[in-house]
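Notes follow once the structure below has been shown.
The values are calculated or read from the model by the stated rules, or taken from the named source; none is laboratory data. This one's a predicted model, so the numbers in the text were calculated from it and none came from an experiment. Using ideal geometry, Cβ is built from the backbone for each residue, glycine included, and neighbour counts are taken over all protein chains shown.
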């Protein structure tokens, strides 16, 4: 039973430049090409199957299954796949599933909320427990007195199997007085909780052992920029870690199997690594786990936060498992799926059955169970079973103008007869501290099915490939980060892959900012611009964050460092809203009305600025949608709008050519 609490590439593919053959004289005929358009529903709907988990004894699997546009929580027999339990989970906005025990499944959900006396709106998350025997569902921490009302109640830090209780960290207090993060003991049968240990206004996490004994408490003081960890193994609180920092980058995530040490993630010269700290005296050892020129993506633990594996990022994920034999098993599995990402999800308590997700050139996200005893691989289901043809995915390195290597993902059109002079969609990712990897991407594959090449550049500021790439993006919004996208497009044009007159840029969140910045600051490069949930006004974004979180919150320090906010004049200059008159390409803005990360006001104001400048702009507002496009209905609305916009302004299918 494994629960993911919270990233060395094996590929060293370099971009293969194509040589443009001698041109033929052509004329355009009146007949349009009649190649079939891809079905929007095959790509735009949420995955038909997601968040699959296997029980500790291997007898059951639990998952979120989509039927039409509705989500269902389903429990199936792991051998026959016969349904043995579940319920309609559509109203819960299901996020994640995992087994707490053989008989209890935890379902995490969230819902958009507004509350009196609380600034702005927020995503309120809850945890449900489903009993396989009684087939009843309970809300964890429901009817628990004293809880602060505006918070997410999903922070499970441990399980006491003997008492059938979970330990959950949650805020105690009300909106009129101060609040603190306490540790609660929560019944798996009733969902009710009681305060087990008291924290303070600076507490951000708790650690317990398998018996529920409190091991440590983690604090961060925003006012004093102080990060601390206190141990209670001696019976009294003892300070074992203290660091002055405006952003808590040291991440305490796991407990050693003997309960004597905490494992934490921290930075070295050019990458992240795992260290350990002795709970009795604060002695730090390590690095224990590290990989050059990559970052740690996840620290994978069981429900008691004991280490199972460290997952590293890059073009494809790789792992360091705690058990040596597990490393051999994973190497065996990955050797069978080259040019794919193999994601470890969980295994049974005896390590004999492994649940993995294979995603990339071999299919649209396939869940599989590896039976170690019989050395067999069972195919469970595909995330997108209706998607048959996969556009070839390539991991490449492209040089920017100053020689910096930009790791990038290329997706080629599913029409394999065309490999040069292609229409291109540049698709920069959000974050910006995120990265794209070699795996199935629903939007990239839809665009490839329409006939586009898709470029996903991991520009400066991206994580996943070491600190040099990430840190070189600080203060470079709209500048070197944007140049990396432009340079990647230029390299593909020079190589003969791409028609320079048929390039569009599209992105969401930071990627939406990048799309708008492309239209504003390199207007000759793009034929159209699509910006989803985009930041358009950087000073306004910082102002909003300060209003919601307070000016001394560490999140503000992070954004100021990322954007280069020491110079407010610079922020105005790199805000696309202040360069509306420079746009030449038509713009499509799309934004969810319930976006709590980038308020829809950012797109409202951008739309008004472009309209005032008499530019070609459309604005689609997605009713009830959040920042992550979590609803199938509105994702289809988005894809339909994108489809119409691209066909009008940069059609992938040119009129038929004849000599």
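Below is a table of values for the structure above.
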item: Number of the condition not met by residue 99 [criteria: (1) modelled with pLDDT under 95; (2) not in a loop (DSSP other than H, G, I, E, B)]; result: (1)
item: Any chance residue 410 is under 25 Å from residue 515 (Cα atoms) and assigned to a strand (DSSP E or B); result: yes
item: Residues located in region 299-326, provided they are within 22 Å of the chain's Cα centre (by Cα) and over 30 Å from residue 234 (Cα atoms); result: 311, 312, 313, 314, 315, 316, 317, 318, 319, 320
item: Enumeration of residues in region 285-298 that are within 17 Å of the chain's Cα centre (by Cα) and farther than 17 Å from residue 342 by Cβ; result: 295, 296
item: Residue check for residue 331: on the phi < 0 side of the Ramachandran plot, assigned to a loop (DSSP other than H, G, I, E, B) and not assigned by TED's automatic domain parsing to the domain that holds residue 408; result: no
item: Strands (runs of 3 or more DSSP E) completely within region 151-228 that count 1 or more residues being surrounded by 18 or more Cβ atoms within 10 Å (Cβ to Cβ) and more than 29 Å from the chain's Cα centre (by Cα); result: 156-160, 165-173, 179-187, 193-197, 214-221
item: Residue check for residue 257: under 26 Å from the mean Cα position of the chain (by Cα) and either modelled with pLDDT under 95 or surrounded by fewer than 17 Cβ atoms within 10 Å (Cβ to Cβ) (or both); result: no
item: Residue check for residue 241: in contact with a strand residue (DSSP E or B) (Cβ under 6 Å, 6 or more places away or on another chain), more than 23 Å from residue 199 (Cα to Cα), at pLDDT 95 or above and outside any loop (DSSP other than H, G, I, E, B); result: no
item: Some residue of region 628-648 being touching a helix residue (DSSP H, G or I) at 6+ places or on another chain (Cβ under 7 Å), over 30 Å from residue 498 (Cα atoms) and either buried (at least 18 other Cβ atoms within 10 Å of the Cβ) or not assigned by TED's automatic domain parsing to the domain that holds residue 422 (or both); result: no
item: Unique match (being surrounded by fewer than 20 Cβ atoms within 10 Å (Cβ to Cβ) and modelled with pLDDT of 95 or more) among 379, 397, 421, 375; result: 397
item: Region 115-142 - residue that is touching a strand residue (DSSP E or B) at 6+ places or on another chain (Cβ under 9 Å) and at pLDDT below 85 and, of those, farthest from residue 164 (Cα to Cα); result: 120
